[in-house]
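The values are calculated or read from the model by the stated rules, or taken from the named source; none is laboratory data. Quick caveat: nothing in here was measured; it's all calculated off a predicted structure. Every residue, glycine as well, gets a Cβ built from its backbone with ideal geometry; the counts of neighbours run over all protein chains shown. Side chains included, ligands, DNA and RNA excluded: accessible areas come from the protein's heavy atoms. Shrake-Rupley method; radii C 1.70, N 1.55, O 1.52, S 1.80 Å.
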Amino acid sequence: MKILVIGSGGREHALAWKLSQAAGVEHIWCVPGNAGMARLTRTECVAVPGTGLQDVAALAEMAHRLKADLTLVGPELPLVSGVADEFAARGLRLLGPSKHAAQLEGSKAFAKEFLLRHGIPTGSLYGIYDSAGDAYSALCAVDWPCVIKADGLAAGKGVLVAATPDDATAFIDRVMVDREFGAAGDRVLLEEALRGPELSYIVLTDGETTLPFVATRDHKRIFDGNRGPNTGGMGAYSADGMIPRELETRIQETIIQPTLAAMSRDGHPYRGFLYAGLMLTSDGPQVLEFNCRMGDPETQAIVARMDFNLAEALQAATEGRLREISMRWKPGASVCIVMAAANYPGEPKTGMAIEGLDAAAAVHEAVVFHAGTKLQGERIVVSGGRVLGVTATGADVKAASARAYEAAAKISFEGAQYRRDIAASGVPDASVRSVSQSV
Ligand code: AMP
């Protein structure tokens, strides 16, 4: 099997790493990939064709020219831009939802209206506004804190849980007046703030059969103790027993299955990865957001525990044969620590040499996934905000976490920053226990 992987982050490195070890995989192209992906066996990085990852015709031409048997899409932009429809029209195999179905991520208004229409648990909506004036006026009638969301894709930065009307007004200004996220801020949503621990629950579906991945928890804020601004994600972990069996059943029965069934009923059957960002509230799990692809850094923690042939599973999913696949998972836990560049999540400082990668990879059961890295001559240098995802497995969260931190300590680059409390809430997590007792 020859596979094209679209993307260049830690998520894509983790997926390509697993695929490069899978029996039956002959060759992998990464578009555009990164310095870590370029080092994998049977793997080659190629430049993004056309005008960018939203140029779905150019991506399809590339897959056709390379004779790729399967294309795996890491980021949301190609999916929301209709890459699945383009590939389908040309008879090319790609795993991912259609442009319409990808609106579950591409438009928060679409997702919220869908959830409310089908009675799938989510925070209540105050309104959707297409002018800053209307949004300001609506603030008079909300409870605080209140959540403000830019409608479109904003790289995880288009959401604010606002404590006060002043914070809310300032954010609405940034989104709708300064247009910090461009057209993604044409509309904003105001919604109820939910409380509880968050959980990332990701499934793979071929439209008939749905297989869940191990549940994960992501750490979005830049600083320890969940302080500071939101980032793309500073770490993630997964562990046996992280959520009780009955809670997982409830997530499947009240959220995942109804979502997939309703997408089919609405005429847009969903295929690919569906990521449900959940709040485990005292009233049960509720949807914060959907993503139409795997998460980053959740993928790194998930892939580290995969004990099955990922290439076979992905191929089966594109051919509607997912029922033939059973996913096995390494028992225990995995932890991924993101090492970020100086000044991230602001404009990152780049170009610094990264040392100690081989020493880190030599730590037992550790693997270093690259994200914002590139080769400069013989050296690997920082080229983006989130630089590396140092990932390890172990018998439990404590063991996995100790290995991941041991590996991270061996890596250095000027201005490196990472959180010291990834997975520190441990398992079982007291807050989840109390939620599951009440559901
Ligand atoms: P989203 O991109 O919609 O997942 O939002 C990013 C982050 O904002 C989430 O991971 C939550 O931490 C927070 N968030 C989003 N929606 C809500 C909500 N209704 N209540 C509380 N926090 C929220």
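Each Lys or Arg adds one and each Asp or Glu takes one away; over the other residues whose Cβ falls under 14 Å from the Cβ of ARG419, this sums to +3. Counting heavy atoms of the protein chains alone, HIS118 has an accessible area of about 50 Å² for a 1.4 Å probe.
Sorting 155-164, 336-345 by average packing, meaning the other beta carbons within 10 Å per residue, from highest down gives 336-345, 155-164.
Binning at 10 angstrom from zero up to the longest distance, how are the C-alpha pair distances of the chain distributed in percent? Histogram of Cα-Cα distances, whole percents per bin: 5, 21, 33, 29, 12, 1.
So which of LYS112/LYS349; LYS149/LYS398; LYS18/LYS67; LYS18/LYS99; LYS220/LYS374 end up more than 31 Å apart by C-alpha?
Beyond 31 Å between Cα atoms: LYS112/LYS349; LYS149/LYS398.
Scoring 410-416, 82-88 by mean Cβ neighbours within 10 Å over their residues and listing the highest first yields 82-88, 410-416. Charge dipole of the chain (Cα centre as origin; +1 on each Lys and Arg Cβ, -1 on each Asp and Glu Cβ, all else neutral): 820 debye, rounded to the nearest 20. Ordered from longest to shortest, the equivalent ellipsoid semi-axes for the range 359-426 are 23, 13, 9 Å, each the square root of 5 times a Cα gyration tensor eigenvalue.
Helix-only arithmetic for the chain: the sum of -39500 (n - 2.57) across DSSP H runs with n ≥ 4, divided by the residue total, places the mean residue ellipticity at 222 nm at -7500 deg cm²/dmol. Electrostatic bookkeeping for SER401 treats Lys and Arg as +1 and Asp and Glu as -1; over the other residues with beta carbon under 11 Å from its beta carbon, the sum is 0. Summing charges over neighbours of GLY372, with a neighbour being any other residue whose Cβ is under 13 Å away from its Cβ, gives +1 when K and R count +1 and D and E count -1. FRET efficiency for the ASP167 to GLU26 pair, using the beta carbon distance and R₀ = 45 Å, is estimated at 0.25. Each residue of the range 32-40 was assigned a 3J(HN,Hα) from its phi angle through the Karplus curve 6.51 cos²θ - 1.76 cosθ + 1.60 (θ = phi - 60°); the sequence is x, x, 8, 5, x, 5, 5, 8, 6 Hz, with glycine and proline shown as x. Where in the range 356-394 does the amide nitrogen come within less than 17 Å of the point 7 Å from the Cα of ASN343, taken along Cα to Cβ? Label zone hits: 372-373, 382-387. For the range 183-255, a simple Cβ point-charge model (Lys and Arg +1, Asp and Glu -1, everything else neutral) yields a dipole of about 380 debye relative to the Cα centre.
Based on C-alpha pairs under 8 angstrom that are at least 6 apart in sequence, the chain has a relative contact order of 16 percent. Here the average projected area of the convex hull drawn through the C-alpha atoms of the range 207-326 stands at 8.6 nm². Toward the positive end of the charge dipole of the chain, with +1 on the Cβ of Lys and Arg and -1 on the Cβ of Asp and Glu, the farthest Cα among ALA47, HIS268, ALA89 is that of ALA47. Surface analysis of the range 1-53 yields an accessible area of 34 Å² per residue, using protein heavy atoms and a 1.4 Å probe. Each of ALA101, ALA154, ILE172 was scored by the projection of its Cα onto the charge dipole of the range 63-188, and the greatest displacement toward the positive side belongs to ALA101; charges sit on the C-beta of Lys, Arg, Asp and Glu.
Considering only ILE3, LEU247, GLY24, the residue lying farthest towards the positive end of the dipole of the chain is GLY24, judged by Cα position with unit charges set on Cβ. For the range 290-439, the solvent-accessible area with a 1.4 angstrom probe is 40 square angstrom per residue.
Length gained on full extension, ARG328 to ARG420: 30.1 nm, using 0.36 nm per residue less the C-alpha separation. The Rg/Rh ratio of the range 24-144, with both radii computed over alpha carbons and Rh defined as the Kirkwood radius, is 1.14.
For the chain, the fraction of 1.4 Å probe accessible surface lying on carbon and sulfur atoms is 48 percent.
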